[in-house]
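What follows is a set of notes on a single structure, which appears directly below.
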Amino acid sequence: MKASLSWLKDYIDLETDVDQLAQKLTMAGLEVDSVVDRFSFLSTVLVGRITSVLPHPQADKLKLCMVEAGNRSYPVVCGAPNAAEGMLAPLALAGTELIDGTVLKESTIRGERSHGMLCSEAELGLGADRSGLMVLDTHLVHGTALNQALGLCDPVLDIDLTPNRPDCLSVLGIAREVAALQGTPLKRPAIQLPEETGDISTYTSVTIKAPDHCPRYSARLIVDLKVAPSPFWLQDRLLSVGLRPINNLVDITNFVMMETGQPLHAFDFDNLAEHRIEVRTARDNEPFTTLDGKERTMSADMLMICDGKKPVGIGGVMGGMNSEIQPGTTRVLLESACFSPTSIRKTAKRLGLNTDAAHRFERGVDPDGTLYALDRAADLMARLGQGTLVGGTIDQKHDLPRPAVIDLSVTHANRALGINLSADEITTLLEPIEFKCTAVKDDMLRVEAPSFRVDVSRPQDVMEEIARLWGYDNIPTTFTTIPAFSRAPSRLLSQRQRIREHFCGMGFSEAINYSFIHSASCDRLRFGENDPRRRTVQILNPLTEDQAVLRTSLVPGLLESMQRNIARQSRTLKLFETGKIFISRGQDAQPVENEILAGLWTGLRQAAGWYAQPVECDFFDLKGAIENLFESLGTDDIHFTRLAPQDCTYTRAGTTARILAGERLLGIVGEVHPGVLKAYDLKQTAFVFEMDLNALIDRIPEGIHAQPLPKYPATSRDATLIVDQSLESDTLLAQIRQMDQELVEAIQLFDVFQGDPVPENRKSVSLRIIYRSNRETLEDDTVNQVHKTITDHLVAKFKAGLPA
C-alpha cells in the first residue's frame, strides 16, 4: 500500500518528519518497505533560460532554442507556442523519466540536434496545462534542479501490510494509525451531497440472489454527467500512489477506493438492460469479456453482477466491457458492495485476475463502510462531472457480519505481554483506533472492535493491538527460566538417525516418498485377499490418481523411484527409506501407524573399473548389508530363515528370507517377483527388504560392554558335512552356538557345494570354527578334542555324513 505524505496531511496534522513516521509505523506493525520522493525524477530537470529562439529550417511549427542552464548551453528543438527569448522554463536533460514513463534521450529532429526537452506543467506532473511551456519565476537561478528550485518534495510511503490488516489498505486507514500514534485527531472528509432530484426506486432496482457471496449491495444514480479529464488535484492524488488517471468518473471511483479502502464500480446506466441489477452466481461455462478485453469462462461458484439480461461484471474483481464508462456516458449507476472474501479469493485466483478491488475484497472490507464510500463518490461525481444526483439510495443487506465483542482480562493481557497497564491505560490506547472499551467487573474490559477491523475476533487479537500501540520497543526484555534438568532425546529419533547414517556409510541413498500411493498398489504387490495391508485408508480429495490411498508398504515408493531413475539411465541404485505405513481399522477409527525400514538394491555390486569386472548384485549382497547393520547396532540373536513359497507375495520364492530376532519376525529380504516388476514396467532384477523399525530398535542394546583385547593367539579348524539339501546353513551355525563351547570365538560358513560326488538331494557345507582362550595359548590336542565334539554332535543331530 502506497500513501504520499501530501495526501496523508489532508486527514491529519503531522508532528514528525517522514523518517520518524516510517519508524513509528514499522514498530506499530505496519512495516514501511521504502520512502521515495515522488519528485526525485525532477533532479535531472533544470531551470533553463532561453537565450535565443530561431525558426526550424525544416518545420514551420518547430523552433530552435538555445537554453542556458548553469555554465552550459543546450540546443533544444521545441514546438511550444510560448517559447520566447529570456523566459525561464524547465529543461529536461537526457535520461529524465517523465511522468508518463517516457525516458528522454538526445535525438535529431528534422535534421537538427536536440539535447533535451523544454516541458509543460502536464509533462512534469505539476499541473494540467499542456498548451505551452511552464513559465518559471524570473528570480530562480538557471541551472538549479527544478525540485530544489520549487521546493518540491512529497515522500511516498510503501507499506508492506500483512493479510490481516485490510483496514490499512487505504490512506484514511493509515492516517488513523498515524493519528493514534501521535495522539492527534483524525479529520475524516465531510460529505455535502448536492440537491437531489427524483427517486432512485423509479429508475432501477437491485436483487441479490446469492446472499452468501454478497451480504450487502448499495447503489446510487447520477444523471446528466459530462465525461472529461479530471482536475489536476485528483490526477495528482492518483499519480502519487501509482495509478493512471483515465477520466473524471473512473478516477473518482479509484480515488475513493484508495481513500477509504472500499472498491467501487461505475456502470454506464444506459447500457444496463432493463435498467436493473441482479447479483447471482454464474452459470457453468458462461462466457464473459472483462474490461481488459479478454473472454473468460466462468464456473457456477463465481459471483456475477448482471443487468436484466446479461452479466456486466465479475463481482468484486473486474467489470465488463459491455457496461464501461464511455466518452458519451451521461448516466452512471454507482456500486458499493460487500462481498464474501472467500468467494472473491477463489474467483480471482482461478481467473488469474489480481486487481486492486479483488486485493481488498478478498481480505475483507468494512461491511458498514459501503454507504460512506458511496456517498463520498456520489458527491465528487456530481460536482466534478457537473451531474445531478437522483434521490435515495438502494441498500440491500443480508446477515451482515457484526463487529466482535470481546471480554478481555487486564491481568491476563499484562501477563501475556509482559507489561503492567491499567484498564484506563488500555482504553486510552485502543479508543484512538475506534475500539470501544467498557469496564464490566474487576479487571475485565468489554472491547467492541470497529466494523472495519474484520481481523479481530478473540482476546489475543486485542492483546496484539495493545502491544503494538504501547510500542514493541517499550515491552521489557525477559528471559525464560531454563530448568536445571534435561531430558534424553527420543530413542526412536536417535536410533533412526543412527540407522540412516549407517546406510549412507554403506553407499545407500535415502529416499523420501509421499505417504500417498496408487489404489492399485496392493494388486501390483500381489497381496493376498486376507492380507491386512489391503486395508488402505482412502484419501477424500486426492491430488492425483497416483496418490489415492495411504501407503501400507514402503515398497511401492521404492519401486517407483527405481522406475524414475532407470528412465534417466541411472541403472545402479541403492536406496533406503524410513517412514510410516497406515493400516485401516475402519471408517470411525484412526488407522494403525507402524514405523518401517525398507531398502532396495538393483544393478551392479560395485562400479566397474580396472580392478574389477562389472558384476550384478544378488540376494546375498543385500543380506550382507542388513547383517552389517545388525553388527553395527550390536543386536544379537538375529538370523535369517527360508520363507515358504505361499508366504511370498511381492518377492520371488527361493530367493526370499525372513529376518528373525529370536522368534520375533522383523521383516523379509528377497528378490522382487517378476510379476511385480512387470506391474511397475521394470525389466531389471531388484532386491528389497522391509523391516519393522520399532521391533528392530527394541533389539538394540542400551549400552556398550567393553572387553579387553585378546592376549593369546587364535587357531581355526574346518569341518565339512554332507547334509540334507533342505537344511538351512544357518541352522548348523545356530546349533554350534547353542552348544556354548567356551573356546569357540567365531563361526564362518565358507563353502556350500552340490553335485557330483555329493549324493543327490544332499549338499556339502564347509564351516570354519575359530578357537581362542583368554587364559592360555591353546594346544592342538585341546582344540582337536573340542572340534571333534562339535563335529560328532552335528553329525548325530542332522544325520550328516563326512566327506570320503
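Odds and ends about this structure:
- Accessible area of the stretch 435-591 belonging to carbon and sulfur atoms, whole % at 1.4 Å probe: 49
- The length gained by stretching the chain between D17 and K346 to full extension, at 0.36 nm per residue less their Cα-Cα distance, is 114.3 nm.
- Applying both filters, DSSP loop and at most 16 other Cβ atoms within 10 Å, to the GluC sites (Glu not before Pro) of the stretch 641-735 gives E663, E702, E728.
- Simple label model, 7 Å out from Cα along Cβ direction - C153 to D301, nm: 5.3
- Close amide-amide hydrogen proximity is noted between G319 and L291, I314, each under 5 Å apart and 5 or more residues distant or on a separate chain (H modeled in the peptide plane; Pro and chain starts excluded).
- Rounded percent of accessible protein surface that carbon and sulfur make up, the stretch 1-70, 1.4 Å probe: 50
- Residue-normalised accessible area of the stretch 167-322, expressed per residue, 1.4 Å probe, Å²: 39
- Surface exposure of the stretch 674-754, expressed per residue as accessible area with a 1.4 Å probe, stands at 61 Å².
- Extension gain from V36 to D407, taking 0.36 nm per residue of separation minus the Cα-Cα distance: 129.4 nm
- Computed from Cα atoms, the angle from the helix 491-505 axis to the main principal axis of the chain rounds to 80 degrees.
- The packing ranking of peptides 531-541, 236-246, highest mean first, is 236-246, 531-541, where packing means the average number of other beta carbon atoms within 10 angstrom of each residue.
- Average accessible area per residue (Å²) across the stretch 544-656 - probe 1.4 Å, nucleic acids and ligands excluded: 51
- Measuring r between the beta carbons of V592 and E97 and using R0 = 51 Å, the FRET efficiency lands at 0.15.
- Here the gap between A612 and S519, fully extended at 0.36 nm per residue and compared with their Cα-Cα distance, gives a gain of 29.2 nm.
- Only one item in [x] 34.0, 130; [y] 42.3, 129; [z] 29.7, 101 matches Rg and Dmax of the Cα atoms in Å derived from the coordinates shown, and that item is [y].
- With each label modelled as a point 7 angstrom along the Cα→C-beta vector, the R534-T162 pair spans 5.2 nm.
- Solvent exposure ordering (accessible area, 1.4 Å, most first) of V332, V758, V135: V135, V758, V332
- Ligands, DNA and RNA left out, the 1.4 Å accessible surface of the stretch 244-364 is 46% carbon and sulfur atoms.
- Euclidean distance between Cα centres, the stretch 366-419 to the stretch 98-163, Å: 39
- Take the Cβ atoms of N82 and R383, set R0 to 41 Å, and the FRET efficiency comes out at 0.85.
- Cα-based helix-to-principal-axis angle, 370-384 vs the chain, degrees rounded to 10: 40
- FRET efficiency for A804 and E742, using Cβ-Cβ distance with R0 set to 45 Å, rounded to 0.05: 0.90
- Cα centroid separation, the stretch 604-618 to the stretch 727-804 (Å): 33
- Our note on the geometry: Cα centres of the stretch 7-58 and the stretch 285-334, 37 Å apart.
- Note on Y203: accessible area approximately 90 square angstrom, rounded to 10, probe 1.4 Å, nucleic acids and ligands left out.
- Computed over the stretch 650-792: relative contact order in percent, which uses C-alpha pairs under 8 Å that are six or more apart: 20
- In the chain, Cα pairs under 8 Å separated by at least six residues give a relative contact order of 8 percent.
The values are calculated or read from the model by the stated rules, or taken from the named source; none is laboratory data. Predicted model only: the values in this text are computed from it and were never measured. Cβ sites come from the backbone with ideal geometry, for glycine too, and all protein chains shown count toward neighbours. Note: accessible area is taken over every heavy atom of the protein model, side chains too, but ligands, DNA and RNA are not part of it. Shrake-Rupley method; radii C 1.70, N 1.55, O 1.52, S 1.80 Å.
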